[in-house]
Amino acid sequence: MPRVLILEDDEVIGLVLAEHLAAAGFEPLLVSKGELGLTRLRYEQPDVCVLDLMLPGRDGWSVIETARAEGIGTPIVVVSARGTEYDRVHALELGADDYLVKPFSMKELVARVQAAARRGMRGQEQQRGEAIEIEELRIDPREVQAYVDGENAGLTPTEFRLLYTLALDPGRVATRDELLQKIWGRRAAHRDRTVDVFVRRLRDKIDRRAPRHDFIHTRYGVGYKLEAVPK
């Protein structure tokens, strides 16, 4: 039974989230404080984390940033009443995998958590075949990780799936809608910048470290492709 760590300081909301996720086959772990939630992320390794941003003490932004800095790759789904574009993009840039604005339907929450759990399951990635090597970039589905000139890129499971999806058809431009459906299991909403933020994260971890090539390229107005182009 996959485990979901819920970081929510409103007890009523937290219990409702836990109830619906339990009914969907998850084992919910409910925590009301950011520091304790970060500790449980470190040592209990849940399959998914559902995180409110406005937590007492250590807030949700700090939880995301610290977890990613420590190499914790657990998929993080933010649920927050803060719905501005800045808030959504900032959370994604820090390392969140998805973002839901309150109020939302429980059915949508369950669907987002299920998709995040699939992204984080190493077993599914291990069935995907041999490593892909493109110049100094090596993408290894068995380890769910990429290596740049032999160095571990430190990708999260969601970042890896995006990179791997692009690498399976190098040189072909994938649209934002196509990538959003393949990786996040949903259609694009108005001004949804999820794919753009994750591409930026990949460029920071792949292109900036690669000594001889750039790999992630934009086709403006269309989408993205992976292709080795000399720097």
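Among the residues examined, K205 does not qualify as exposed (fewer than 14 other Cβ atoms within 10 Å of the Cβ), in a helix (DSSP H, G or I) and touching a residue at least 12 places away in the same chain (Cβ under 8 Å). What residue, of F215, F198, is part of a helix (DSSP H, G or I) and surrounded by 12 or more Cβ atoms within 10 Å (Cβ to Cβ)? Exactly one residue qualifies, and that residue is F198.
Taking the condition of being of a type in the set (D, E, K, R) and over 16 Å from the mean Cα position of the chain (by Cα), how many residues in region 155-171 meet it? Quick ask: steps written out before the conclusion?
The initial filter retains those residues of region 155-171 that are of a type in the set (D, E, K, R), namely 159, 161, 169.
Remaining after also requiring over 16 Å from the mean Cα position of the chain (by Cα): 169.
The total comes to 1.
Name the single residue, out of those in region 173-225 being among the hydrophobic types (A, V, I, L, M, F, W, C) and over 20 Å from D97 (Cβ atoms), that is modelled with the lowest pLDDT. Lay out the reasoning, then the answer.
Keep residues of region 173-225 that are among the hydrophobic types (A, V, I, L, M, F, W, C), which gives 173-174, 179-180, 183-184, 188-189, 195, 197-199, 202, 206, 210, 215-216, 222.
Those still in the list that are over 20 Å from D97 (Cβ atoms) too: 173, 210, 215, 222.
Values: V173: 96, A210: 97, F215: 97, V222: 90.
Of everything passing the filter in region 173-225, V222 is modelled with the lowest pLDDT.
Looking at R172, R187, R191, just one residue is touching a residue at least 24 places away in the same chain (Cβ under 8 Å), over 14 Å from I134 (Cβ atoms) and in a loop (DSSP other than H, G, I, E, B), and that residue is R191.
Could you please find all residues in region 24-62 being open to solvent by 70 Å² or more (accessible area, probe 1.4 Å) and either without any contact (Cβ under 8 Å) to a residue 12 or more places away in the chain or in contact with a Phe, Trp or Tyr (Cβ under 8 Å, 6 or more places away or on another chain) (or both)? Hits for region 24-62 are L36, Y43.
Of the residues examined, A210 is one that is among the small types (G, A, S), touching a residue at least 60 places away in the same chain (Cβ under 8 Å), outside any helix (DSSP H, G or I) and under 27 Å from A91 (Cα atoms). For the condition of a type in the set (D, E, K, R) and at pLDDT 95 or above, what is the one hit in E108, E125, E151, E85? Step by step, each of E108, E125, E151, E85 is checked, and only E151 is of a type in the set (D, E, K, R) and at pLDDT 95 or above.
So for region 126-133 (the condition being touching a Lys or Arg at 6+ places or on another chain (Cβ under 7 Å), of a type in the set (A, V, I, L, M) and within 22 Å of L180 (Cβ to Cβ)), does at least one residue qualify? Break it down stepwise before answering.
From region 126-133, those touching a Lys or Arg at 6+ places or on another chain (Cβ under 7 Å) are 126, 131; that's our starting set.
From what is left, the residues that are of a type in the set (A, V, I, L, M) are 131.
If we keep only those that are within 22 Å of L180 (Cβ to Cβ) too, we end up with none.
The answer is no, given that none of the residues of region 126-133 is touching a Lys or Arg at 6+ places or on another chain (Cβ under 7 Å), of a type in the set (A, V, I, L, M) and within 22 Å of L180 (Cβ to Cβ).
So which residues in region 6-28 are more than 18 Å from A115 (Cα to Cα) and within 20 Å of the chain's Cα centre (by Cα), if there are any at all? Walk me through how you get there before you give the answer.
Narrowing region 6-28 to residues more than 18 Å from A115 (Cα to Cα): 7-16, 19.
If the condition is that a residue be more than 18 Å from A115 (Cα to Cα) and within 20 Å of the chain's Cα centre (by Cα), then L7, E8 are the ones that fit.
Could you please let me know if A174 is in contact with a strand residue (DSSP E or B) (Cβ under 9 Å, 6 or more places away or on another chain), over 22 Å from G73 (Cβ atoms) and surrounded by 15 or more Cβ atoms within 10 Å (Cβ to Cβ)?
Numbers: in contact with a strand residue (DSSP E or B) (Cβ under 9 Å, 6 or more places away or on another chain): yes; over 22 Å from G73 (Cβ atoms): yes; surrounded by 15 or more Cβ atoms within 10 Å (Cβ to Cβ): yes.
Taking the combined requirement at face value, the residue satisfies it.
Looking at region 6-23 only, could you name the residues that are touching a residue at least 60 places away in the same chain (Cβ under 8 Å) and touching a strand residue (DSSP E or B) at 6+ places or on another chain (Cβ under 6 Å)? Hits for region 6-23 are L17, L21. Here the condition is being in contact with a Gly (Cβ under 9 Å, 6 or more places away or on another chain) and of a type outside the set (F, W, Y); of G34, G14, it holds for G34 alone.
The values are calculated or read from the model by the stated rules, or taken from the named source; none is laboratory data. Given the structure is predicted, the values throughout are model-derived calculations rather than measurements. With ideal geometry, Cβ positions are generated from the backbone for all residues, glycine too; neighbour counts draw on all protein chains shown. In case anyone asks, the SASA skips ligands and DNA or RNA and just uses the protein heavy atoms, side chains included. Shrake-Rupley method; radii C 1.70, N 1.55, O 1.52, S 1.80 Å.
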